[in-house]
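Undergrad: The structure under discussion is supplied below as structure tokens; questions concerning it will follow.
The values are calculated or read from the model by the stated rules, or taken from the named source; none is laboratory data. Everything numeric here is computed off the predicted structure, so don't read it as measured data. Positions of Cβ are generated from backbone atoms using ideal geometry, with glycine treated the same way; all protein chains shown enter the neighbour counts.
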Amino acid sequence: MGFEDKAANKFEEMSGAAKEKVGDATDNEDLEAEGTVEKAKANLKQAGEKLKDAFTE
């Protein structure tokens, strides 16, 4: 997993977490759900990259 991929996935995860918290604080369920999905997608990408790295080492 390259540094750029790690950074992009981490940024997407943090962005999703921020949206989730803002949505929760403002009672905006759509924004909260969007943040949850973004965070989950980023975590899934990270897991896939780690699995790929494990098989290429």
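Undergrad: With the structure loaded, tell me whether N9 is polar (S, T, N, Q), in contact (Cβ under 8 Å) with a residue 24 or more places away in the chain and touching a helix residue (DSSP H, G or I) at 6+ places or on another chain (Cβ under 9 Å) or whether it fails that test.
TA: Values: polar (S, T, N, Q): yes; in contact (Cβ under 8 Å) with a residue 24 or more places away in the chain: yes; touching a helix residue (DSSP H, G or I) at 6+ places or on another chain (Cβ under 9 Å): yes.
Taking the combined requirement at face value, the residue satisfies it.
To keep it simple, each residue is scored yes or no on (1) crowded, with 16+ Cβ neighbours inside 10 Å; (2) modelled with pLDDT under 90.
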position	(1), (2)
M1	no, yes
D5	no, yes
S15	no, no
G23	yes, no
T26	no, no
E32	yes, no
V37	no, no
K45	yes, no
K52	no, yes
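Undergrad: Among residues belonging to region 25-57 that are of a type in the set (D, E) and touching a residue at least 24 places away in the same chain (Cβ under 8 Å), point out the one that is nearest to E12 (Cα to Cα).
TA: Taking region 25-57 and keeping what is of a type in the set (D, E), we get 27, 29-30, 32, 34, 38, 49, 53, 57.
Retained after the next criterion (residues that are touching a residue at least 24 places away in the same chain (Cβ under 8 Å)): 38, 49, 53.
Numbers: E38: 7, E49: 15, D53: 20 Å.
Only one residue tops the list, namely E38.
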